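Asker: Below is the structure I would like to discuss, written out as structure tokens.
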Amino acid sequence: MNFAACSSFIQVDEAALYTVLCLPAPDGKYPVVLFRTPYDDAMSKMGDAEIQLIVLQQQREWLENGYAVVWQHCRGTGRSTGDCIPYRNERKDGLALQQWVRQQPFYNGEIYLCGGSYLSSVHYLTAPFAPDIRGAVLRIQDTERYNVCYRNGFFKCGLHGSWYVGMYKKKSLLQKNYTDESFQLLPMEDFSKTVFGEDSPDLDQTLAHPRRDDPFWQTPLGGSEAHNAVANAGIPILLTTGFYDIYTGGIFDMWNAMDDATRAISALAVCPYDHSCTETNQPVAFEHGRFEDVFGNYAIRWINSIRGKEAPPFEPGKVTYYRLFDGRWAVENFANGPQKIEIPLGQGEVSYLYNPYAPARFKGGLSGNFGGTAFQDAPNSRYDIKSFFSMPFPEDRFIKGKMKARLCVKSDCEDTCFYVRISLVQQQGAYGLRDDIQSISNFQTDYVPGSEVMLDFSFDEHAFRVRAGEQIRIDISSSAFPFYLRHTNQKGPFAQQRTAKIAHNTIVCEKSSVTLFAE
């Protein structure tokens, strides 16, 4: 085939955005697939011909299927100029690229949005989508900025924190005073000045607004431009995630929030792995667990199906998901299993000391932070981690949906937090499943130290088989660093806390339990 490629700079205010165009043939009109990426920094010192060759090789299948591919380096990355400040300019830059496409002779009136992770975020930010946006493949990314940054008021330093530091002015601010322990700084409102040597209003404002109901999250700085981007899109959208993706729960929320008309023509696919959607660095390689193992080049197949060229790789209106330790894919309307399994935590009380200056650590970020899953350390591995076990399962059970926990707790501080991690105990080790974290102040704003309070935990969707003889393990602590920012055991906005203190925390076992949902 006579592929053609060229590159140019598209000017958007003070920035020149490097853009590569690949065509199936030099002449003709084609449907256009748009990609925008901040991760091509290796190309920053390459020449046009070398970059064009790389993009041609990477996108060959799209070209063979008759699509024009437009590949752009986001502002301040790769060969594009300007400063990279995550999210800030993506709406205007993305809309400018779409408008540029509409003015080109190869444009046939159809645009398709494709990308994964931040490459999907840049498209969400251009919503509501114009009439010539005919469909999309938007992978492993949540539309809701709050979910990217927080869980129940706890900053995700193991997801947004470390990623933001690496992205911020990556080409113009080369010296950053940063390690994971930088997130133990007090007060956290000084983080930007300490790490970057300057204020970062975007990050500073994010740290100042930990509550989901804060109006900040309905502003552009809080991600309002992408808020509910796909809910009423009215176009066929393929969403993908993994059960150990960093955005699993949020992507299920996106799917469930779609209006009936959009969901009926869209699909959600869930693999058994992490953000990479592969078994790389994951403890178990599941048979036929990669999307490509069963569904081939599902992105091209999805866009082809929109254009009537072939059947879709995933059934529209349904969730296609891998059943872990069951060895197969399923297609259905994903929901909690109909049968409840209650796991009590025993009798009496269990207490431990929580020292914020020496926070507990766990293996694997599960579905909320980077790292996917891992086999866990031994139970009760530290003085501040308390482990509980279910009885061995008498028979095989398939667990599906959102597991829950309710803890009755006490503390000698006016505020503190409790962290719950659930694992499946198998012969080869305790396979991490899910985690959640809550502070007392989320449930009782005027907590009286020493009194009992009930905390509710809700875990992101999962689907896995428990074999006869296996157990569920529940680890409870008050920290999980560096995944979640440590709690200082004091009331008030976390970013303003200048000191931390020791807490003596207690679990009232007979009033606490975990709930699973089984088929």
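Asker: With a/c under 1.5 counting as rounded, go ahead and sort region 49-103 into rounded, prolate or oblate using the C-alpha gyration tensor (a ≥ b ≥ c being the square roots of the eigenvalues; past the cut-off, prolate if a/b is larger than b/c, else oblate).
Answerer: Because a/c hits 1.5 or more and a/b fails to exceed b/c, region 49-103 counts as oblate.
Asker: What figure, in Å² to the nearest 10, do you get for the accessible area of Trp217 with a 1.4 Å probe and non-protein molecules left out?
Answerer: Number for this one is 10 Å².
Asker: Counting just the Cα atoms, what span does the chain cover along each of its three principal axes? Round to the nearest Å and put the largest first.
Answerer: Projected onto its principal axes, the Cα set of the chain covers 77, 54, 37 Å.
Asker: So, one more: Among the GluC sites (Glu not before Pro) in region 263-347, which ones are in a DSSP loop with at most 14 other Cβ atoms within 10 Å of the Cβ? Mind listing them?
Answerer: Glu287, Glu310
Asker: Accessible area of the chain with a 1.4 Å probe: how many percent of it is carbon plus sulfur?
Answerer: Answer for the chain: carbon and sulfur cover 50 percent of the accessible area.
Asker: Let me ask you something else. Could you tell me the center-to-center distance, by alpha carbons, between region 1-56 and region 358-372 in angstrom?
Answerer: 37 Å
Asker: Any of Lys400/Lys511; Lys402/Lys511; Lys45/Lys363; Lys45/Lys169; Lys193/Lys404; Lys176/Lys402 with alpha carbons more than 28 Å apart? Name them for me.
Answerer: The pairs that break the limit, which is 28 Å between Cα atoms, are Lys45/Lys363; Lys193/Lys404; Lys176/Lys402.
Asker: How big is the antiparallel share of DSSP beta bridges in region 213-371, given as a percent to the nearest 5?
Answerer: Just about 35 percent of them are antiparallel.
Asker: For region 1-74, what Kirkwood radius comes out of the mean inverse Cα-Cα distance, in Å?
Answerer: Averaging 1/r across every pair of different Cα atoms and inverting gives 12.6 Å.
Asker: Considering the convex hull of the alpha carbon atoms of region 416-460, report its projected area averaged over all viewing directions, in nm², one decimal.
Answerer: Answer in nm², one decimal: 4.0.
Asker: Report Rg(Cα)/(2.2 N^0.38 Å) for region 283-434, keeping two decimals.
Answerer: Relative to the 2.2 N^0.38 Å estimate, region 283-434 comes out at 1.36.
Asker: In nm, to one decimal, how far is the modelled label at His504 from the one at Asp412, with both set 7 Å along Cα→Cβ?
Answerer: 0.3 nm
Asker: Then there's this: What percent antiparallel are the DSSP beta bridges of the chain, to the nearest 5?
Answerer: Here the antiparallel bridges make up roughly 70 percent for the chain.
Asker: Additional query: So the label point goes 7 Å from the Cα of Met391 along Cα→C-beta, right? Which residues of region 465-501 then have their backbone N under 18 Å from it?
Answerer: What the label zone holds, given the 18 Å backbone N cut-off, is 466-474.
Asker: Considering only DSSP beta bridges where both residues belong to region 8-150, give the percentage that are antiparallel (nearest 5).
Answerer: Roughly 35 percent of the beta bridges in region 8-150 run antiparallel, per DSSP.
Asker: Oh, and also: Averaged per residue, what accessible surface does the chain expose to a 1.4 Å probe, in Å²?
Answerer: Ligands and nucleic acids excluded, the result is 37 Å² per residue.
Asker: Additional query: Name the long-range amide H neighbours of Leu345: under 5 Å, sequence gap of 5 or more, or other chain; modelled H, no Pro or chain starts.
Answerer: Placed amide hydrogens put Ser512 under 5 Å from Leu345.
Asker: Okay, moving on. Can you sort Glu144, Glu14 by solvent-accessible area, 1.4 Å probe, largest first?
Answerer: Sorted by accessible area, descending: Glu14, Glu144.
Asker: Among the lysines, select those whose C-alpha is under 23 Å from the C-alpha of Lys491, and discard any that sit fewer than 8 residues away in the same chain.
Answerer: Of all the lysines, those that pass the test against Lys491 - Cα under 23 Å, at least 8 places apart if same chain - are Lys156, Lys410, Lys501.
Asker: Right, next: Report the trypsin sites (Lys or Arg not before Pro) located in region 1-58 that are in a DSSP loop and have at most 16 other Cβ atoms inside 10 Å of their Cβ, or state none.
Answerer: Of the trypsin sites (Lys or Arg not before Pro), the ones in loops of region 1-58 whose Cβ has at most 16 other Cβ atoms within 10 Å are Lys29, Lys45.
Asker: Hey, another quick one. In whole Å, how far is the Cα centre of region 69-138 from that of region 376-420?
Answerer: What the calculation gives is 43 Å, centre to centre.
Asker: Could you list log10 I(q)/I(0) for region 404-519 at q = 0.13 Å⁻¹, which the Debye formula gives when each Cα is one point scatterer?
Answerer: -0.55
Asker: How about region 431-519: which trypsin sites (Lys or Arg not before Pro) there are in a DSSP loop, with at most 15 other Cβ atoms within 10 Å of their Cβ?
Answerer: Hits after loop and neighbour filter: Arg467, Arg498, Lys501.
The values are calculated or read from the model by the stated rules, or taken from the named source; none is laboratory data. Values in this document were obtained by computation on a predicted structure and should not be read as measured data. Positions of Cβ are backbone-derived with ideal geometry, glycine not excepted, and every protein chain shown enters the neighbour counts. Accessible surface is based on the protein model in full, side chains and every heavy atom, while ligands, DNA and RNA are left aside. Shrake-Rupley method; radii C 1.70, N 1.55, O 1.52, S 1.80 Å.
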